[in-house]
Amino acid sequence: MSKVRVLVGTRKGAFILTSDGKREKWDVAGPFFAGWPVYHMKGSSADPNRIYVSQASDWFGQVIQRSDDGGKSWMQPGTPPGESTTTPQGQPKGESNKFVYDTSEKTGKPLTTHQWYDGTQHPWEFKRVWHLEPSLKDPDTVYAGVEDAALFKSTNGGKTWEELAGLRGHGTGPKWQPGAGGMCLHTIVLDPKGQRIFVAISAAGAFRSDDGGKNWKPINKGLKSNYIPDPTAEVGHCVHRIAMHKSRPNTLFMQKHWDVMRTDDAGDNWREVSGNLPTDFGFVIDVHAHEPETVYVVPIKSDGEHFPLDGKLRVYRSRTGGNEWQELSKGLPERDCYVDVLRDAMAVDSLDKCGVYFGTTGGQVYASADAGDTWNPIVRDLPAVLSVEVQSLP
Amino acid sequence: MITVVLPPHLRTLAHVSGDVELELAGAPTLRSLLDALEARYPMLQGTIRDHATLERRAYVRFFACEQDLSHEPLDAPLPAAVASGAEPFFIIGAIAGG
């Protein structure tokens, strides 16, 4: 019988929720890393027991944690238990937490400044890892999207990290600027068939590499953001999230600050598919595991009011790849609900009947075992949920 | 022997349950204390001072002998009572946020 494991990062630790394929009864484990914000945790599809975690605090900085046994035990990959804690030269280890921007000449003119809130240039400063994306093929390879926006890669299970500096260095970096949440690279989408990588940055936009992360270009044509000086600029758009169905790597769905967008040519051209949504502001977006034209969003009232319309929490589903959206409300709060659903807090499982999951800033994690028709809370009272990922296990 | 008191989150990270005792050669300074602490507990690298700049993280403070030593030069001698082990050296997370 299949199982699912829901990985939940919260403002005060991580939790692992497990159930069998029915997805009716749940076991809750945690908090792991109690008291620390856990921005993201994600399992490797090549080895489901391998889970990577970004534990980050304003006080004590960035810590990468890893489990090799499905979350039963954890370690910092740079200092695994039993190994010497120093190098042969006597220097201490601890590299797994070290994210240093590439400033070498060899890897191509890395930038040192980006645009600040007041329009001046500001130095790049590492703050935290927002998103960890394990390789689809190799459990030891993992990508990290960080604030201030950059992409890092580890090929040794998170022990050490190197920046893919071509992203910051491709030319538009000086025009990137922080959104309200900071200048973060929060979305990494890997093409299952090739070397292509998509990333999204707030507030810079979407970018694509066709060669595994060496060279990059902005892919924001068709986006329109009325809150920036040039609404159709090459960069500067506040992209909140991008999702792809693995069978159609050229089709992406985007929840932008405002607007739900779609591309069918790998980002070369976008078109709006907000259609009949009651508001097209929001953060999350995801695609059904088996139906590439079925898409989910959670509409949020506005950029000034980060909560559902009229106090009613709703998921909207389109079975037509956008434009025509259906309200899903069965089992969700009908009144007095003023939570938010953050950008990394929705995921789908790949069981025969696709499960959909999302977490809220009110600490609820909702699950639907029938593709969104009905919803139930798995937990109601966690700390504010920052991220939700799902593993479908045999 | 110098006694270092870590904040609870860093004790958890370093897998220690109480105070940390460090033996430092020569006249101890803030720099030599932090170097020795990170050498013993490499998982604390980057949590007290920045990985790249080695600057103290903004919300981390150093106290000893009822003095705030957070802004003392890294190579200034630590108070004699800390060096002798009579008084502990506190690393604390600043009270900030909610």
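Quick notes on this one:
- Note on segment B:58-78: among residues that are within 13 Å of chain A (Cβ to nearest Cβ) and more than 12 Å from the chain's Cα centre (by Cα), the one that is surrounded by the fewest Cβ atoms within 10 Å (Cβ to Cβ) is B:Ala58.
- Residues in segment A:224-260 that are assigned to a loop (DSSP other than H, G, I, E, B) and within 14 Å of A:Phe198 (Cβ to Cβ): 6 in all.
- Answer from A:Lys301, A:Lys330 - the residue that is more than 23 Å from A:Thr187 (Cα to Cα) and of a type in the set (Lys, Arg): A:Lys330
- The single condition from (1) crowded, with 19+ Cβ neighbours inside 10 Å; (2) not in a loop (DSSP other than H, G, I, E, B) that A:Pro174 fails is (1).
- Candidate set: segment B:25-57, residues that are surrounded by fewer than 19 Cβ atoms within 10 Å (Cβ to Cβ), in contact (Cβ under 8 Å) with a residue 24 or more places away in the chain and not basic (Lys, Arg); chosen: the one farthest from the other protein chains (Cβ to nearest Cβ): B:Ala27
- Annotation: A:Asp259 fulfils all but one of (1) free of Cβ contacts under 8 Å to residues at least 40 places away in the same chain; (2) over 22 Å from A:Lys301 (Cβ atoms); the unmet one is (2).
- A:Asp265 being in contact with a His (Cβ under 9 Å, 6 or more places away or on another chain) and either modelled with pLDDT under 95 or part of a loop (DSSP other than H, G, I, E, B) (or both): no
- Scanning segment A:191-212 for residues being touching a residue at least 24 places away in the same chain (Cβ under 8 Å), more than 20 Å from A:Asp259 (Cβ to Cβ) and either surrounded by fewer than 22 Cβ atoms within 10 Å (Cβ to Cβ) or acidic (Asp, Glu) (or both) gives a total of 6.
- The single condition from (1) in contact with a Gly (Cβ under 9 Å, 6 or more places away or on another chain); (2) away from every other protein chain (no Cβ under 14 Å); (3) surrounded by fewer than 15 Cβ atoms within 10 Å (Cβ to Cβ) that B:Pro8 fails is (2).
- Of all the listed residues (A:Lys153, A:Lys175), the sole one being charged (D, E, K, R) and closer than 27 Å to A:Val38 by Cβ is A:Lys153.
- Checking segment A:332-346 against the condition returns a match, with at least one residue being at pLDDT 95 or above, in a loop (DSSP other than H, G, I, E, B) and under 17 Å from A:Met261 (Cα atoms).
- The set of residues in segment A:290-307 being within 20 Å of the chain's Cα centre (by Cα) and in a loop (DSSP other than H, G, I, E, B) consists of A:Pro292, A:Thr294, A:Asp303, A:His306, A:Phe307.
- If you filter segment A:67-101 down to residues that are at pLDDT below 60 and outside any loop (DSSP other than H, G, I, E, B), you find that the one that is nearest to the other protein chains (Cβ to nearest Cβ) is A:Pro92.
- Within segment A:342-358, not a single residue is exposed (fewer than 15 other Cβ atoms within 10 Å of the Cβ) and touching a helix residue (DSSP H, G or I) at 6+ places or on another chain (Cβ under 9 Å).
- Matching residues, segment A:152-183, being within 17 Å of A:Asn220 (Cβ to Cβ) and touching a strand residue (DSSP E or B) at 6+ places or on another chain (Cβ under 7 Å): A:Leu167, A:Arg168, A:His170, A:Thr172, A:Gly173, A:Pro174, A:Lys175, A:Trp176, A:Gln177, A:Gly179, A:Met183
- Condition met for A:Pro377 (part of a loop (DSSP other than H, G, I, E, B) and of a type outside the set (Val, Ile, Thr)): no
- Within segment A:1-48, the residues that satisfy the criterion of being in contact with a Ser or Thr (Cβ under 7 Å, 6 or more places away or on another chain) and over 15 Å from A:Gln391 (Cα atoms) are A:Lys25, A:Trp36, A:Pro37, A:Val38, A:Tyr39.
Yes/no matrix, rows are residues, columns are (1) charged (D, E, K, R); (2) without any contact (Cβ under 8 Å) to a residue 24 or more places away in the chain:
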| site | (1), (2) |
| --- | --- |
| B:Phe62 | no, no |
| B:Glu66 | yes, yes |
| B:Leu69 | no, no |
| B:Asp75 | yes, no |
| B:Pro79 | no, yes |
| B:Val82 | no, no |
| B:Gly85 | no, no |
| B:Pro88 | no, no |
| B:Ala94 | no, no |
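The values are calculated or read from the model by the stated rules, or taken from the named source; none is laboratory data. These figures come from a predicted structure and were not determined experimentally. Note that each Cβ is placed from the backbone with ideal geometry, even for glycine, and that neighbours are counted across all protein chains shown.
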